[in-house]
Amino acid sequence: MKKTMKAFALGLVIVSLALVPACRSKKTVEPQTHPDTIASATVPDVPPPPLTSTTTTVAKPDDFVQEKPVQEETLPNDIEELNRVAQQRGLIADAFFNYEESTLSAEAQNALQTSASWLKKNPQYNLLIEGHCDERGTEQYNLALGDRRANTAKEYLATLGVDSARIRTVSYGEERPFDPGHDESAWAKNRRAHLVLVGK
Amino acid sequence: MKNFFSLLLAITALPLLAQTQVTSTIGQQQAAQVVRIGIPFPDLAPGLDPQTINNAFFSPLTRDLATSGVFAIAPLPPGVAPTPELAKRVGALYLLRLQVITEGEDNVVRARLIDTTGTEALAKGYRGQVATLTKIAHMLANDLVALVAGNKSGIFLSQIAFASDRSGSWEIWLMDWDGGNQRQITRHNALSILPSWSPDNQRMVYTSFVRGTSDMYIINRVGGGRMRLYTGLGLNTSATFSPTGGDIAFVGSVNGNPDIYVIKDDGSNLRRLTTSSSIESTPEWSPNGRQISFTSGRSGSPQIYVMDAEGTNVRRISFEGEWNDDATWSPGGDEIAYTSRVSGRFQIRVANIVTGQSRIIAGEGSNEQPAWSPDGKWIAFQSNRTGRWQVSRMRADGHDIQQLTTAGENKDPDWSKKAE
């Protein structure tokens with residue numbers, strides 16, 4: 001059907017192009033054939049195909065990725081359980097930072113975009129953002145650095161449309177590491193803006 | 001002082017001495033003449049347990065005197081009467097004769113310092129409940145040092161505030177200068193850190209997360225009153241009293257921009273001292289209150305800066321190390337100790353504020369958060385050299401490192417601001 005449509009369109013263009021010089025040279029030209037005449041001549045005396053057949057063709061699996069049907073899933077009432085589930089399902093996701101930095105990497109922005117979508121759909125929750133640092137700094141400066149990380153995440157969520165009045169921040173600096181280890185893999189986990197859902 | 005005998009009845013509260021000007025002179029104790037002293041074990045009234053008296057009184061007293069830099073303790077032969085002749089025999093200038101008796105609920109300690117001619121240089125009595133025996137030991141040590149060295153401000157009664165997690169949450173604790181008498185001050189059951197003394201030692205300010213945000217609290221030494229200092233800002237960390245006691249410098253944050261602020265201790269008159277878009281942290285007043293040191297990331301890494309107390313005349317003073325923080329002024333105001341990262345490891349650095357010359361003074365592990373003793377001769381700090389954070393103490397030249405805490409993890413030391 002699609003191919004037929006394309007061929008018909010192409011034909012029209014060719015015919016039009018062929019007619020252009022004629023149109024320019026002769027200001028008044030009678031069409032050589034009347035469209036109605038053609039139609040009556042070519043269309044057989046049968047009813048047109050039903051419109052439903054077009055719909056079927058467009059929905060071919062080849063053309064569009066088939067998404068699983070959306071299912072409503074209930075979220076836990078317990079706020080701690082809710083946070084665990086929300087992080088596990090990727091409804092909200094923490095933003096991770098490079099050493100000594102508080103700017104958002106592409107990955108961190110992606111995480112916050114995901115979180116912003118969910119937060120906008122779920123206005124019944126507020127958000128606490130905890131700023132965290134790895135142990136390779138000093139306690140006092142890291143408290144300030146954690147504050148900046150948490151607020152950088154807050155600002156970005158606000159630009160994505162999350163009402164900033166719903167967001168509170170706190171910095172734990174290096175006081176509450178997620179991974180107690182002393183290597184790069186532990187440190188990388190500990191440099192984050194940690195998103196925590198809280199009730200209103 | 002000769003032939004002078006007085007019986008001072010000390011119960012618990014002690015009169016406050018006027019603040020004494022103390023100058024920090026590294027190595028002075030080595031240069032000073034050391035006085036040899038013999039100290040026989042005290043005569044005890046019937047019923048007193050020698051082991052208890054040793055732990056609570058005799059041992060702290062002799063430790064204080066041995067580390068004073070003023071006295072050297074001469075070993076004594078056992079079972080010999082403490083006479084001037086004994087002092088001569090062991091090459092001591094003095095003998096300290098001690099007696100501990102009980103009077104009702106109290107212990108009374110009588111101390112007599114006699115020289116080799118038998119003349120009394122000091123005769124003094126101290127009375128207190130059994131629990132104050134260690135305090136009496138530190139008082140006596142202060143008096144002896146004052147007598148011999150002419151220094152009125154021995155530091156043996158000074159206190160070190162710190163944060164400890166041994167109770168299950170980080171809380172504010174106190175200990176004597178030698179690590180004795182460790183006791184819990186706050187019971188927030190929440191992260192409580194960074195204690196800082198008021199100049200009269202009667203209050204402390206610290207940061208607690210008990211409300212879910214970080215806030216500053218002021219507590220009183222007597223009466224236990226606690227006040228939350230409302231600032232309307234984020235962070236509220238690194239709080240520190242001005243030398244006059246009326247102001248508190250701290251780190252406040254608006255929209256993720258930490259800066260140095262000052263607020264009065266009643267919560268009024270909030271002032272912003274730095275306006276840079278970079279991270280500012282960790283303010284500390286100079287001893288005369290005219291300057292404030294702080295940490296700033298404005299150059300791309302955390303470095304130490306000094307400004308006038310109004311926020312003007314900012315200049316950088318740390319140029320070595322890729323991460324510097326925790327600056328704190330010596331009591332004499334001529335040196336600043338700070339945490340400095342050298343080859344990936346934090347060390348205590350002491351820099352002369354005028355010449356800019358600095359030296360590294362701590363050893364193994366990471367060593368952070370220096371705090372000067374009130375006489376400028378010692379520095380408390382936290383170290384993870386044992387694998388866990390513990391508070392230690394060393395001489396200001398880096399010698400005689402002694403770990404003061406062992407239970408749980410311990411950090412954020414701040415030494416009381418003046419001797420008592």
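The values are calculated or read from the model by the stated rules, or taken from the named source; none is laboratory data. Because the structure is a prediction, the values reported are computed rather than measured. Here the Cβ is made from the backbone with ideal geometry for all residues, glycine too, and neighbour counts use every protein chain on show.
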In this structure, does B:Ser296 turn out to be over 24 Å from B:Glu368 (Cα atoms), of a type in the set (Ser, Thr, Tyr), more than 9 Å from chain A (Cβ to nearest Cβ) and without any contact (Cβ under 8 Å) to a residue 40 or more places away in the chain? no
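Sort through B:Ser296, B:Ser286 and tell me the only one that's surrounded by 15 or more Cβ atoms within 10 Å (Cβ to Cβ) and closer than 29 Å to A:Ala153 by Cβ.
Answer to the selection: B:Ser296.
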Report the residue count in the stretch B:199-249 for those that are under 27 Å from A:Tyr156 (Cα atoms) and surrounded by 24 or more Cβ atoms within 10 Å (Cβ to Cβ). 5
I'm told B:Ser330 meets every condition in (1) modelled with pLDDT under 95; (2) more than 14 Å from every other protein chain (Cβ to nearest Cβ) except one. Can you identify the failing condition by its number? (1)
Residue list for the stretch B:373-393, restricted to those being more than 14 Å from chain A (Cβ to nearest Cβ) and in contact with a strand residue (DSSP E or B) (Cβ under 6 Å, 6 or more places away or on another chain): B:Ser373, B:Trp378, B:Ile379, B:Ala380, B:Gln390, B:Ser392, B:Arg393
Residue count for the stretch B:176-185, restricted to those that are over 19 Å from B:Lys377 (Cα atoms) and not in a loop (DSSP other than H, G, I, E, B): 2
Residues of the stretch B:189-203 classified as at pLDDT below 95 and within 14 Å of chain A (Cβ to nearest Cβ), total: 0
Taking the conditions exactly as written (part of a strand (DSSP E or B), of a type outside the set (D, E, K, R) and more than 11 Å from chain A (Cβ to nearest Cβ)), does B:Ile219 satisfy them or not? yes
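Look at A:Asp62 and say whether it is within 30 Å of A:Ala186 (Cα to Cα) and either at pLDDT below 95 or not assigned by TED's automatic domain parsing to the domain that holds A:Arg192 (or both).
no
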Just to be sure before I move on: is B:Arg110 charged (D, E, K, R) and either out of contact with any helix residue (DSSP H, G or I) (no Cβ under 9 Å at 6 or more places or on another chain) or crowded, with 20+ Cβ neighbours inside 10 Å (or both) in the structure I sent? yes
Of a type in the set (A, V, I, L, M, F, W, C), over 27 Å from B:Met175 (Cα atoms) and touching a strand residue (DSSP E or B) at 6+ places or on another chain (Cβ under 9 Å): which single residue out of B:Leu122, B:Leu65, B:Leu133 fits that description? B:Leu122
Picking from B:Gln403, B:Gln369, B:Gln390, B:Gln382, which residue would you name as being at positive phi and more than 12 Å from the chain's Cα centre (by Cα)? B:Gln369
Within 19 Å of B:Trp389 (Cβ to Cβ) and surrounded by fewer than 21 Cβ atoms within 10 Å (Cβ to Cβ): which single residue out of B:Gly356, B:Gly332, B:Gly363 fits that description? B:Gly363
Name the single residue that is farthest from A:Ala116 (Cα to Cα) among those in the stretch A:163-184 being of a type outside the set (Ser, Thr, Tyr) and under 29 Å from the mean Cα position of the chain (by Cα). A:Phe178
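For the stretch B:42-51, state whether one or more residues are of a type outside the set (Ser, Thr, Tyr) and modelled with pLDDT under 90.
Looking for residues that are of a type outside the set (Ser, Thr, Tyr) and modelled with pLDDT under 90, one finds none in the stretch B:42-51, hence no.
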Test for B:Asp165: is it over 30 Å from B:Asp266 (Cβ atoms) and within 14 Å of chain A (Cβ to nearest Cβ): yes
Taking the stretch B:128-142 as the region of interest, how many residues are surrounded by fewer than 18 Cβ atoms within 10 Å (Cβ to Cβ) and not small (Gly, Ala, Ser)? 2
Restricting the stretch B:233-279 to residues that are touching a Gly at 6+ places or on another chain (Cβ under 8 Å) and of a type in the set (Asp, Glu), the one farthest from the other protein chains (Cβ to nearest Cβ) turns out to be B:Asp265
Quick count over the stretch B:40-91, residues being within 32 Å of the chain's Cα centre (by Cα), in a helix (DSSP H, G or I) and not small (Gly, Ala, Ser), is 15
Please work out if B:Ser343 is assigned by TED's automatic domain parsing to the domain that holds B:Ala362 and over 23 Å from B:Val262 (Cα atoms). yes
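Listed here are the residues, each with its yes/no results for (1) acidic (Asp, Glu); (2) in a loop (DSSP other than H, G, I, E, B); (3) outside the structural domain of B:Leu270 (by TED's automatic domain parsing).
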| position | (1), (2), (3) |
| --- | --- |
| B:His138 | no, no, yes |
| B:Gly154 | no, yes, yes |
| B:Ala163 | no, no, no |
| B:Arg166 | no, yes, no |
| B:Ser169 | no, yes, no |
| B:Leu174 | no, no, no |
| B:Arg187 | no, yes, no |
| B:Pro195 | no, no, no |
| B:Thr213 | no, yes, no |
Sort out which residues of the stretch B:187-198 are over 19 Å from the mean Cα position of the chain (by Cα) and buried (at least 17 other Cβ atoms within 10 Å of the Cβ), and write them in order of number. B:His188, B:Leu191, B:Ser192
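One line per residue, one yes/no per condition, for (1) within 19 Å of B:Phe381 (Cβ to Cβ); (2) within 14 Å of chain A (Cβ to nearest Cβ):
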{"position": "B:Ile304", "(1), (2)": "yes, yes"}
{"position": "B:Thr312", "(1), (2)": "no, no"}
{"position": "B:Gly321", "(1), (2)": "yes, yes"}
{"position": "B:Asn324", "(1), (2)": "yes, yes"}
{"position": "B:Glu335", "(1), (2)": "yes, no"}
{"position": "B:Gly344", "(1), (2)": "yes, yes"}
{"position": "B:Arg349", "(1), (2)": "yes, yes"}
